[in-house]
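To start, the structure itself, in structure tokens.
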Amino acid sequence: MKVTFLGTGTCIDTSKAQSCIMVEGEETKILVDIGVGAFMRLNDFNEINAVLLTHNHLDHNGDLLALLKARWLTGGEELLVFGPIGTKAFLESLFEAYAYLRRKPKFKVLEDPEFEIGEFKVRTIPTRHSIVSQAYIIEFDGKRVIVSGDTSPLKELMEIECDVLIHEMSLPSGRSDAHTTPENFAEVLPFCKAEIVYLTHMYPHAYEVKDKIIEQLKSVRDDIKFRIAEDLMSFEV
Ligand SMILES: [Zn+2]
Ligand SMILES: [Zn+2]
């Protein structure tokens, strides 16, 4: 599978799109999150089969309505939208506000903890953030990629076998119940099963000290390859 970071930024970045990761199999393309700015990164918005929302914060779902409207205007197919419990009600409330779009775009919201989309097998695991949130474990052709979404680090997530872990690193230091810092990540790093860890969703003050953060993490696990995710960076698994 091919993974492309379409957006690695946060709510306050103007040089990066907000959270959005495209995962491509042979015939299926999915997005994990679609924050503000991500819509502009899509080459063909009608090719996307599904959007997997980690949670309903603006920097993770802000361009979903833009995608749905564009597909409606261009006769696109039904879009599958997966998300944690409450996603359906959340989207209904958006269409209450944008009444002119009601019942126009074709989409289906699913809150299943496990599902298949085309050749992908996907399961979710609840994460720890300021609102209900979940991580995605995506499998294709014997390979597995995990996308954490926003969360403070979880041992249960780290213990899952995977080839690549894409994990948030919002903050440069300290403790947080809702986000990841090098300190709280270091506590669960001994359980990490991934060979490669991409750090994303770094606030500017974390991004500024990215090399120091990698050094800190390397001091705990020097067998893991740590990389900083950048907009439009791609890798194959
Ligand atoms: Zn969030
Ligand atoms: Zn976020």
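What the table shows:
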| quantity | calculated |
| --- | --- |
| Condition broken by Thr54, with the remaining ones in (1) open to solvent by less than 20 Å² (accessible area, probe 1.4 Å); (2) outside any loop (DSSP other than H, G, I, E, B) satisfied | (2) |
| Thr10 vs. criteria polar (S, T, N, Q), in contact (Cβ under 8 Å) with a residue 60 or more places away in the chain, within 16 Å of ligand 1 (Cβ to nearest atom) and in contact with an Asp or Glu (Cβ under 9 Å, 6 or more places away or on another chain) | yes |
| Residues of region 37-51 satisfying the condition of being of a type in the set (A, V, I, L, M, F, W, C), in a helix (DSSP H, G or I), touching a residue at least 24 places away in the same chain (Cβ under 8 Å) and under 19 Å from Cys11 (Cα atoms) | Phe39 |
| Check on Ile131, touching a His at 6+ places or on another chain (Cβ under 8 Å) and in a loop (DSSP other than H, G, I, E, B) | yes |
| Among (1) in contact with a Lys or Arg (Cβ under 7 Å, 6 or more places away or on another chain); (2) over 15 Å from Phe5 (Cβ atoms); (3) surrounded by 18 or more Cβ atoms within 10 Å (Cβ to Cβ) - the single one Ala135 does not satisfy | (1) |
| Conditions (1) within 16 Å of ligand 2 (Cβ to nearest atom); (2) within 15 Å of the chain's Cα centre (by Cα); (3) open to solvent by 20 Å² or more (accessible area, probe 1.4 Å); (4) more than 24 Å from Ile48 (Cβ to Cβ); number of the one not met by Thr127 | (4) |
| Qualifying residue in region 31-41 (condition: surrounded by fewer than 24 Cβ atoms within 10 Å (Cβ to Cβ) and under 25 Å from Phe140 (Cβ atoms)) | yes |
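The values are calculated or read from the model by the stated rules, or taken from the named source; none is laboratory data. If you're wondering where the values come from, they're calculated on a predicted model, not measured in any experiment. In this analysis, Cβ positions are derived from the backbone assuming ideal geometry, glycine residues included, and neighbour counts consider all displayed protein chains. In case anyone asks, the SASA skips ligands and DNA or RNA and just uses the protein heavy atoms, side chains included. Shrake-Rupley method; radii C 1.70, N 1.55, O 1.52, S 1.80 Å.
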